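Nothing in this text is a laboratory measurement; each read-out follows from the coordinates by a stated rule. Just so it is clear, the structure is predicted and the values come from calculations on it, not from any experiment. Using ideal geometry, Cβ is built from the backbone for each residue, glycine included, and neighbour counts are taken over all protein chains shown.
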Amino acid sequence: MKAIIPLSPDNLGGPAITVESDGFVVLASRDKRTLVKFHSVPVEVGWFQTHELMYCQQHGLETIKVIRQASDEERRRFRVPLWIQGEEIPGCCGQPMFFVGQIDDDSICTEKPPDSATWWHDAASFYVFTCSRCLACKAIGQQF
């Protein structure tokens, strides 16, 4: 697979650079739309940075074209977690679990129960997963 990156977001049909699949990771695809993150961005491309979530359109079977930065709503709709500390996908039935959604919190987590020895501090995010075989659920918590 390859990605076509326009040199300017204002001229998507103008000059572009092609990046091979070892330069990016596809995080989600549906309806000829794809969300990707680039491991590195060519120096000629100055309108987004490495590791930003980008919204792309598929052009054929093996090519995507970068259109713009993905919105938070698109990240949620495509079910792409916004990890605080790093990817931490649990497994079940011998396979990775399916990401369902994310709960971000910066207030309720600071109120610890009276008998707790340790508790969440600052802002925290909770990532909810389910198994596509047995429907078991797991949640992962991360904090700043």
Filtered hits (lysines, Cα-Cα < 21 Å from Lys32, offset >= 8 within chain) -> Lys2, Lys65
So if each residue of separation counts as 0.36 nm, and I subtract the Cα-Cα distance between Glu111 and Lys32, what length gain in nm does that give?
24.1 nm
Residue farthest toward the positive end of the dipole of segment 50-144, with Cβ of Lys/Arg at +1 and Asp/Glu at -1: which of Phe98, Ser116, Thr63?
Thr63
What ranking do Ile4, Ile64 get, fewest neighbouring Cβ atoms within 10 angstrom at the top?
Ile4, Ile64
Show that you can apply the helix-only estimate: for the chain, add -39,500 (n - 2.57) for every DSSP H stretch of four or more residues, divide by all residues, and state [θ] at 222 nm to the nearest 500.
-1000 deg cm²/dmol
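Quick one: length gained pulling His121 to Glu62 fully straight, 0.36 nm per residue minus the C-alpha distance?
Values: separation 59, 0.36 × 59 = 21.24 nm, distance 4.42 nm.
16.8 nm is the gain from fully extending His121 to Glu62.
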When the convex hull of the C-alpha atoms of segment 2-77 is computed, what volume per residue in Å³ does it have?
86 Å³
